[in-house]
1. Charges at C-beta only: +1 for Lys and Arg, -1 for Asp and Glu. How large is the resulting dipole of the chain about its Cα centre, in Debye rounded to 20?
2. Ordering E222, E89, E163 by how much accessible area each has at a 1.4 Å probe, largest first, what is the list?
3. For labels at S221 and C142 in the simple 7 Å Cα→Cβ model, what's the distance in nm?
4. Using protein chains only and a probe of 1.4 angstrom, how many square angstrom of W133 are accessible, to the nearest 10?
5. May I ask for the distance between the Cα centers of segment 134-166 and segment 45-94, given as a whole number of Å?
6. Please work out whether segment 17-137 counts as rounded, prolate or oblate from its C-alpha gyration tensor, where a ≥ b ≥ c are the square roots of the eigenvalues and a/c under 1.5 means rounded, while otherwise a/b larger than b/c means prolate and anything else oblate?
7. If you rank D214, D107 by how much accessible surface each has, with a 1.4 Å probe, what is the order from largest down?
8. What number, rounded to the nearest 500 deg cm²/dmol, is the helix-based mean residue ellipticity at 222 nm of the chain, given -39500 (n - 2.57) per DSSP H run of at least four residues and division by all its residues?
Amino acid sequence: MRTAFAISALAATAAAHATFQELWVAGADEESTCARLPGNNNPVTSVSTNDIRCNAGSKAAASKCNVAAGDTVTVEMHQQPGERDCSKEALGGNHFGPVMVYLSKVDDAATADGSSSWFKIFESGYDSATDTWGNDLLNKNCGKQDVKIPSDIAPGDYLLRAETIALHTASQAGGAQFYMTCYQLTVTGGGSANPTGVKFPGAYSANDPGIKVDIWGNGFSEYTIPGPAVYSG
């Protein structure tokens, strides 16, 4: 709980927006070549529109990133387009919240619209023992978060959806801010698993306990990450 920051967080509501922009594959910097960058760094605030899939105004990326099943990819977030300044927070302004990553199997990652099913492969929520949020870790690591691609999924094209939710004004309906970017992947190797998933919109409700939540209140000590459980394959 961070009551001391509550007033400054409200003052920073319109500041410190950000975007997941770059992707690393097995330690190699692919920059933004396979990222469907949104039209700006503003958040999505409604869970019921198609913008919740891959953000507003996003367009097909220049290419697809090749990833071997079982490899680690690293998503990278910064506040301004093209910015990779590690001296600045990835998502500032006390925009505390979780980080989640999803995959969706598609026929062609360059043309898929995100309407297919998504399964979660990573999540980082709130650690009450250290008062640390998932996106605190982004800020401490120059905007980067490592994510392992499941080793048993079927080869082919996928969309990877990286997301953080800013909860600084989430005590009111529609106050949560969703920041997400989809990356176009071609997965090689792997097995035959095709995990069941959820649809966007539909996976989240505006009244979910991890979306409408007062993180500043004296009674706050636990946080429920929205969406399905992480695929354990």
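The values are calculated or read from the model by the stated rules, or taken from the named source; none is laboratory data. Quantities reported herein were computed from a predicted structural model and do not represent experimental measurements. Neighbour counts are summed over all protein chains in view; Cβ atoms, including those assigned to glycine, are modelled from backbone coordinates with ideal geometry. In case anyone asks, the SASA skips ligands and DNA or RNA and just uses the protein heavy atoms, side chains included. Shrake-Rupley method; radii C 1.70, N 1.55, O 1.52, S 1.80 Å.
1. Rounded to the nearest 20 debye, it is 320 debye.
2. E222, E89, E163
3. 3.9
4. Solvent-accessible area, nearest 10 Å²: 10 Å².
5. Cα centres, segment 134-166 to segment 45-94: 9 Å.
6. rounded
7. D107, D214
8. -1500 deg cm²/dmol
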